[in-house]
1. Which residue is farthest from residue 27 (Cα to Cα), if the candidates are limited to the range 60-75 and must be touching a residue at least 40 places away in the same chain (Cβ under 8 Å) and in a loop (DSSP other than H, G, I, E, B)?
2. Name the one entry in 47, 9 that is touching a strand residue (DSSP E or B) at 6+ places or on another chain (Cβ under 7 Å) and surrounded by 11 or more Cβ atoms within 10 Å (Cβ to Cβ).
3. Tell me, please, whether a residue that is over 11 Å from the mean Cα position of the chain (by Cα), closer than 15 Å to residue 5 by Cα and in contact (Cβ under 8 Å) with a residue 40 or more places away in the chain can be found in the range 39-59.
4. Is it the case that the range 4-13 has a residue that's assigned to a loop (DSSP other than H, G, I, E, B) and either at negative phi or touching a residue at least 24 places away in the same chain (Cβ under 8 Å) (or both)?
5. Look through the range 76-91, keep the residues that are part of a strand (DSSP E or B) and farther than 14 Å from residue 9 by Cβ, and return whichever of them is farthest from the chain's Cα centre (by Cα).
6. Exactly one condition in (1) loosely packed, with under 15 Cβ neighbours inside 10 Å; (2) out of contact with any helix residue (DSSP H, G or I) (no Cβ under 8 Å at 6 or more places or on another chain); (3) closer than 17 Å to residue 96 by Cβ is not met by residue 67; state its number.
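The values are calculated or read from the model by the stated rules, or taken from the named source; none is laboratory data. All figures in this text were calculated on a predicted structure; none of them were measured in a lab. Using ideal geometry, Cβ is built from the backbone for each residue, glycine included, and neighbour counts are taken over all protein chains shown.
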């Protein structure tokens, strides 16, 4: 299996605009190793094509505490929002991420 590096990003609130909305900036929390995993035929049948075309799965060994602090994950230029973290035993985590370039 070939793994690649991902940056975990979190939003740091810098200020508020005139309407009281937060102005945030993405900061790098940490760099982890992971890989994109394919959707199975059963997952496509259960979740539907709308889910599987807009979302991806990332398999990683990063700790759950670290992943819960992050808002987004970024690879070589594509940024994905972390939708769900699923524990696969003690060592592995599966992230369901939503991307906008898919």
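1. Only one residue tops the list, namely 62.
2. 9
3. No: zero hits.
4. Checked the range 4-13: no residue is assigned to a loop (DSSP other than H, G, I, E, B) and either at negative phi or touching a residue at least 24 places away in the same chain (Cβ under 8 Å) (or both).
5. Among residues in the range 76-91 that are part of a strand (DSSP E or B) and farther than 14 Å from residue 9 by Cβ, the one farthest from the chain's Cα centre (by Cα) is 88.
6. Condition (1) is where residue 67 drops out.
Yes or no, residue by residue, for (1) modelled with pLDDT under 90; (2) closer than 19 Å to residue 99 by Cβ:
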{"position": "8", "(1), (2)": "no, yes"}
{"position": "30", "(1), (2)": "no, no"}
{"position": "48", "(1), (2)": "yes, yes"}
{"position": "51", "(1), (2)": "yes, yes"}
{"position": "55", "(1), (2)": "yes, yes"}
{"position": "60", "(1), (2)": "no, yes"}
